[in-house]
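In what follows, a single structure is set out as structure tokens and then discussed.
The values are calculated or read from the model by the stated rules, or taken from the named source; none is laboratory data. Not measured: the values here are computed from a predicted model. Neighbour counts run over all protein chains shown; Cβ positions are idealised from the backbone, glycine included. SASA here: full protein model, heavy atoms, side chains in, ligands and nucleic acids out. Shrake-Rupley method; radii C 1.70, N 1.55, O 1.52, S 1.80 Å.
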Amino acid sequence: MQYTIEFFSQSVEDDILDLPETLLARFFNLADRMTTSGANLGEPHTKAMGDGLFELRLKGAQGIARVFYCTLIGKRIVMLHSFVKKTDKTPAKELTIAHKRMKECKDENL
């Protein structure tokens, strides 16, 4: 059984689709690999952030972006939040959004 990729909301999907071209291409490449290999591709592609939250690490000619995601029962991968990285450290605000959305997803799927 293959994994499926879902989006937390239409706005999350729209934000990802609005990423710069090289970052979007990288997202599609890694998302395709995730559907066959699973959510954890290992570094440098993915990184576990703790408590079931992961980040997809996108790097291209147009910069660096992160897409936070979690997994749910039934081989479902849910994309929670994305942003273009402008500093070395991930801003706390971005992590807070991802954690809140992950909690919502997991609470709905108990």
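General remarks:
- Listed conditions (1) surrounded by 12 or more Cβ atoms within 10 Å (Cβ to Cβ); (2) part of a helix (DSSP H, G or I); (3) of a type in the set (Asp, Glu) are all met by Glu6, apart from (2).
- For Leu19, the criteria (1) loosely packed, with under 12 Cβ neighbours inside 10 Å; (2) part of a loop (DSSP other than H, G, I, E, B) hold in every case but one, which is (1).
- Residues in region 71-84 that are crowded, with 16+ Cβ neighbours inside 10 Å and either touching a helix residue (DSSP H, G or I) at 6+ places or on another chain (Cβ under 8 Å) or not in a strand (DSSP E or B) (or both): 8 in all.
- In region 73-110, the residues that are among the β-branched types (Val, Ile, Thr), in contact (Cβ under 8 Å) with a residue 40 or more places away in the chain and touching a Lys or Arg at 6+ places or on another chain (Cβ under 9 Å): Val78, Val84
- Residue list for region 22-40, filter: open to solvent by 80 Å² or more (accessible area, probe 1.4 Å) and farther than 21 Å from Ile73 by Cα: Phe28
- Of all residues in region 41-70 being more than 22 Å from Asp18 (Cβ to Cβ) and in contact with a Lys or Arg (Cβ under 9 Å, 6 or more places away or on another chain), the one that is most open to solvent (accessible area, probe 1.4 Å): Glu43
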